[in-house]
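Everything on this sheet refers to the single structure shown next.
The values are calculated or read from the model by the stated rules, or taken from the named source; none is laboratory data. Predicted, not measured: the structure shown is a model, and the values here were computed from it. No Cβ is skipped: glycine too gets one built from the backbone with ideal geometry, and neighbour counts run over all protein chains shown. Accessible surface areas use protein heavy atoms only, side chains included; no ligands, DNA or RNA. Shrake-Rupley method; radii C 1.70, N 1.55, O 1.52, S 1.80 Å.
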Amino acid sequence: MARDDFIIRIGGDTAIGGVISTGENFTTAAARIGFQTFTFRTYPAEIKGGHAWFQVRISNKPIYSIGDGCDILIAFDQEAYELHRPNLNEGGVLIYDSGLVQPDTDSDIICYGVPFQKIAREELEFVRGTNVLILGVMAGLFGLPPASLEEMVKSRYKRRAELMEKNIQALYHGYEYTKKIQKEDKFWLGTADHVARLVMTGNDAITAGALHAGCRYFAGYPITPATDILETMASQLPRFGGVCLQAEDEMASIGSVIGASYAGTKAMTATSGPGFSLMTELMGLASMAEIPIVIVNAQRSGPSTGMPTKLEQSDLFQALYGGHGDFPRIVLAPASVQNCFRISVLAFGLAEKYQCPVILLSDQSLSHRTETIREVDTDVFPVVDRIRPNGTNPEDYLRYQITDNGVSPMAVPGLDPHTYVAPGLEHDERGHPRLTPDTHEKMTAKRFRKLEAARLETDNAELCPRYGAEHADIGIIGWGATQGSIREAVDRALADGLKVAAMHPRVLNPLPEERLKEFIASVDRVLVPEINYQGQFAHHLTATLGVKPIRFNKIGGLPFTPGEIYKKIQEVLVHA
Amino acid sequence: MPDATKVAQATEADVLTVKDYKSGDKPIWCPGCGDFGVLSATYKALAALQLQPKDVVVAAGIGCSSRTPYFMSTFGFHGVHGRSLPIATGMKLANPDLTILVMGGDGDLMSIGAGHFPHAAARNVDITCIMMDNQTYGLTKAQASPTSSMGHKTKSTPYGVIAKPMAPVLFALANGATFVARGYSAKPNDLTDLIVQGIKHPGFSFVHVQSPCAEFFNTYDFYDEHIEELPSDWDQQDLKAAINLALTEEKVHLGVFYQEERQSFGAAVRQFEPEGKQFDLAEYLQRFS
Ligand SMILES: Cc1ncc(C[n+]2csc(CCOP(=O)(O)OP(=O)(O)O)c2C)c(N)n1
Ligand code: SF4
Ligand SMILES: [Mg+2]
């Protein structure tokens, strides 16, 4: 039987070029005619050279995760073969440049050696066409209609007729070449539904969500893997009357975002761990002066410069607890690329409504992987604007009025005559410095009441979905980008008759305590898989809910696969 | 037909005076502090320009001098130590109609916040930065500051300051500030005039004010003796001459050192796409299809 859900991995040295773009082109062409895709990529930290790999999982059915290992390995060089051969699943296919790679012979895989570079050089006289030649071979071997790739080549080289011609020639040359190959494998794409889908990265989705939510000011300092948010904002914001600033450092980034928001404009910054550390003093200021801001922290492996191009979920402590003094902040973690859009809109909604910093914690895998998305949903979370002191007499205006939900009206300079000073000092309801014990207690409680109000509106199934068995032997609680792998592992377990359930909250502060408590009560054991060493979320759950979960931690820069989580489920059940 | 008497009354009532810029909170400064003179000059400058308090934001960091926003009836921001310039930059870029003043001390702007100063100047963000230089850290009680003289003994430098003092005017000139002036807190009328010019100037204006700390480092006698007005025929367009003058140590010159017309950052970024469109999500998403 043909396998129509499979994983292609492409590896090679970036000095050769085309590893990532070959994968991207294949993905885009497939998505355009309706296939669903899920990609993953890693880059070397080196500027030039170094090993990179790209992986796409493809199917005509929905897919949620990176999957396990790979089914088809395209090795650009010997290093790629050696690095990824152990991850090639049984019955998998190795496609390699027979001029450059020497695979072992005694293997349980199917090998197709093609002298790609030689063909490009000698038959096509177009060395730069190697990648498109490979695409043609991939199309022929696995059933992607070459017309979809031709479309893409055409649009890519629309203004360079000669290059377009040569690339199309290379594409079909590769496609025809596969007729000479005796196909022994079982991988063949099913029929596409020809529904056009979007291919977006997490960073793309966060940026689109921010623009939709009304963000018109962005400031950032380049840092992997958040840089492309800065770059997209730099090109897009001016088109919609907004401003993007490449700041001199992360303190300036968040400082200017605070200033812009104070002046009435929805504003955001994006960074990764090291930059986020630099922002924490000002994050406290935004919370004290009650200024809505959104901070994206696309986590990477730390501490210090760590492994800057690899993923990790190790900034949770920093997001939840970082900074001096007691101050409320909201922490959100999107669970997929599709979810990034929504959570970005929600981040602005909560920031505006509760006038406090909202941290959107994503990670390197979510930042740069692509997923196919049918459409983004704009109806789940509305666009929200802060309340202003409309109708209040300026003389009586209390910027920091003590209210039940802690929220007080915020005047906009230039528009409202209700002038006030945004204070870093503890202050009375007018905003004037008042450093008495009584004031500090009252005002701290006022600010924290906003979190209680936020909890009431976020402790629900939409933002804390449950999955799997109703009563379970194991209940998995995950956060962030691990959702898809957990979901597929749970599916596998359920299919095998195991009683497993999962919950995946998007709001990590304030925690959806009611739903979590209910979930914990309905399962025998709680398992918390996360990509960090200390078990940061498990710690947070213990501190908040008293639960003592089984921790499942992985570091090293790669995401969980469904198989790893499934194995852990089995292990826990066996030892139970 | 308009009633002539009513119109006359209305305009009179609309004229803003110094008291309209006072918040009513009494400054918490020590008697004799130079910052009183700077505050009073700021009130007068705003009144001279008839700016509406709702259209003005005074942004500050932390320090005695940075307390200023609380004494003003305008909008204000009293943030954290050293970050007033980025905060003000965000305000101005987001809301170009506002008049933004940055007020702070030599520690706030030349030490902890010094990394932001050259960038604000180079970008030529249209804000007016008034630095109250008392050559000490007033709020934390008399430690050395980046403008303290060599050899100056303080509790944090008991053997004397080893570093060469920073030269704020030179720093501003070297980094592209388009309006650079120096005033003295004991000459509030002249200072008012400098602040008025700074606010009117469409770009980054830096007003360096010698503003003695009466409590911990009383330098009135020194400045009374060493200040000197710039010559009346001073060429404000001559950057090299301004730099040379800023290098002299014998005298402390007062007046406008330099002024240049250069497009401000805010004006430039708003020209990239002069016809700002409404954001249309469906249209935007097409780039991902
Ligand atoms: C991050 C941080 N570090 C240190 C301080 C303590 N601090 C407050 S004001 C100040 C120096 C103020 O000097 P200056 O800016 O010259 O103001 P002045 O009081 O002299 O007017 C210091 C070191 C602080 N508030 N924040
Ligand atoms: S300590 Fe110095 S700078 Fe501070 S208020 Fe007193 S005189 Fe002014
Ligand atoms: Mg000082």
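Candidates A:VAL345, A:VAL331, A:VAL407, A:VAL384: the one that is assigned to a helix (DSSP H, G or I) and modelled with pLDDT of 95 or more is A:VAL345. Counting the residues of region B:72-107 that are crowded, with 24+ Cβ neighbours inside 10 Å and within 16 Å of ligand 2 (Cβ to nearest atom) gives 6. Every condition in (1) within 16 Å of ligand 3 (Cβ to nearest atom); (2) closer than 20 Å to A:PRO433 by Cβ; (3) surrounded by fewer than 24 Cβ atoms within 10 Å (Cβ to Cβ) holds for B:GLY24 except the one numbered (1). Candidates in region B:1-59 are the residues that are of a type in the set (Asp, Glu) and within 16 Å of ligand 2 (Cβ to nearest atom); of these, the one that is modelled with the lowest pLDDT is B:ASP25. All conditions but one from (1) at the interface with chain A (Cβ under 9 Å from one of its Cβ atoms); (2) of a type in the set (Gly, Ala, Ser); (3) closer than 25 Å to B:CYS213 by Cα apply to B:GLY32; the one that does not is (1).
Screening B:TYR43 against (1) of a type in the set (Ser, Thr, Tyr); (2) touching a residue at least 40 places away in the same chain (Cβ under 8 Å); (3) touching a strand residue (DSSP E or B) at 6+ places or on another chain (Cβ under 8 Å) leaves a single unmet condition, (2). Residue count for region B:236-282, restricted to those that are more than 29 Å from B:LYS164 (Cα to Cα) and among the charged types (D, E, K, R): 7. The strands (runs of 3 or more DSSP E) located wholly in region A:37-99 that include 2 or more residues which are open to solvent by 10 Å² or more (accessible area, probe 1.4 Å) and not assigned by TED's automatic domain parsing to the domain that holds A:LYS567 occupy A:51-59, A:88-97. Scanning region B:26-41 for residues that are away from ligand 1 (no atom under 15 Å from the Cβ) and either within 15 Å of the chain's Cα centre (by Cα) or assigned to a helix (DSSP H, G or I) (or both) returns B:SER40, B:ALA41. Would you please name the residue that is farthest from ligand 1 (Cβ to nearest atom), looking only at residues in region B:135-178 that are within 30 Å of B:ARG262 (Cα to Cα) and within 14 Å of chain A (Cβ to nearest Cβ)? Per the criteria, the residue is B:GLY176.
Quick check on B:ILE62: is it facing another protein chain (nearest Cβ under 10 Å), at pLDDT below 95 and open to solvent by 20 Å² or more (accessible area, probe 1.4 Å)? No; evaluated as a whole, the condition is false for this residue. From the list A:ARG430, A:ARG455, the lone residue that is buried (at least 16 other Cβ atoms within 10 Å of the Cβ), within 14 Å of chain B (Cβ to nearest Cβ) and out of contact with any Asp or Glu (no Cβ under 6 Å at 6 or more places or on another chain) is A:ARG430. The single residue among A:VAL383, A:VAL376, A:VAL407, A:VAL412 that is within 18 Å of A:TYR262 (Cβ to Cβ) and within 12 Å of chain B (Cβ to nearest Cβ) turns out to be A:VAL412. Residues in region A:248-266 that are closer than 20 Å to B:THR99 by Cα and more than 7 Å from chain B (Cβ to nearest Cβ) were compared, and the one that is least open to solvent (accessible area, probe 1.4 Å) is A:SER261. In summary, B:ARG67 fulfils each of the numbered conditions (1) within 16 Å of ligand 1 (Cβ to nearest atom); (2) facing chain A (nearest Cβ under 7 Å); (3) out of contact with any Ser or Thr (no Cβ under 9 Å at 6 or more places or on another chain) with the single exception of condition (2). Checked against the criterion of being on the phi > 0 side of the Ramachandran plot, in contact (Cβ under 8 Å) with a residue 12 or more places away in the chain and outside the structural domain of A:ASN25 (by TED's automatic domain parsing), the candidates A:GLY143, A:GLY214 yield just one match: A:GLY214. So, of the residues in region B:116-144 that are open to solvent by 10 Å² or more (accessible area, probe 1.4 Å) and of a type in the set (S, T, N, Q), which turns out to be nearest to ligand 2 (Cβ to nearest atom)? The residue in question is B:ASN134. Selection over region B:112-134 of residues that are near ligand 1 (Cβ under 8 Å from one of its atoms) and either within 14 Å of chain A (Cβ to nearest Cβ) or part of a loop (DSSP other than H, G, I, E, B) (or both) gives a count of 2. What number of residues within region A:1-36 are open to solvent by less than 20 Å² (accessible area, probe 1.4 Å) and either in a helix (DSSP H, G or I) or under 21 Å from A:ILE373 (Cβ atoms) (or both)? Summing the residues that are open to solvent by less than 20 Å² (accessible area, probe 1.4 Å) and either in a helix (DSSP H, G or I) or under 21 Å from A:ILE373 (Cβ atoms) (or both) in region A:1-36 gives 13. For region A:468-480, the set of residues classified as assigned to a strand (DSSP E or B) and surrounded by fewer than 18 Cβ atoms within 10 Å (Cβ to Cβ) consists of A:ASP473 only. Of all residues in region A:309-337, those that are touching a strand residue (DSSP E or B) at 6+ places or on another chain (Cβ under 7 Å), within 24 Å of A:GLY424 (Cα to Cα) and of a type in the set (Gly, Ala, Ser) total 1.
Scanning region A:482-537 for residues that are among the hydroxyl-bearing types (Ser, Thr, Tyr) and open to solvent by 30 Å² or more (accessible area, probe 1.4 Å) returns a single hit, A:TYR533. Can you give me the number of residues within region A:217-247 that are in a loop (DSSP other than H, G, I, E, B) and buried (at least 22 other Cβ atoms within 10 Å of the Cβ)? Looking only at that region, the number is 5. Highlighted here are the helices (runs of 4 or more DSSP H) found entirely within region B:149-255 that include at least 3 residues which are open to solvent by less than 10 Å² (accessible area, probe 1.4 Å): B:168-174, B:188-200. If you go through region A:510-553 and pick out every residue that is touching a residue at least 60 places away in the same chain (Cβ under 8 Å) and of a type in the set (A, V, I, L, M, F, W, C), you end up with 3. Against the numbered list (1) under 13 Å from the mean Cα position of the chain (by Cα); (2) of a type outside the set (Phe, Trp, Tyr); (3) at the interface with another protein chain (Cβ under 8 Å from one of its Cβ atoms), B:ARG83 comes up short only at (1).
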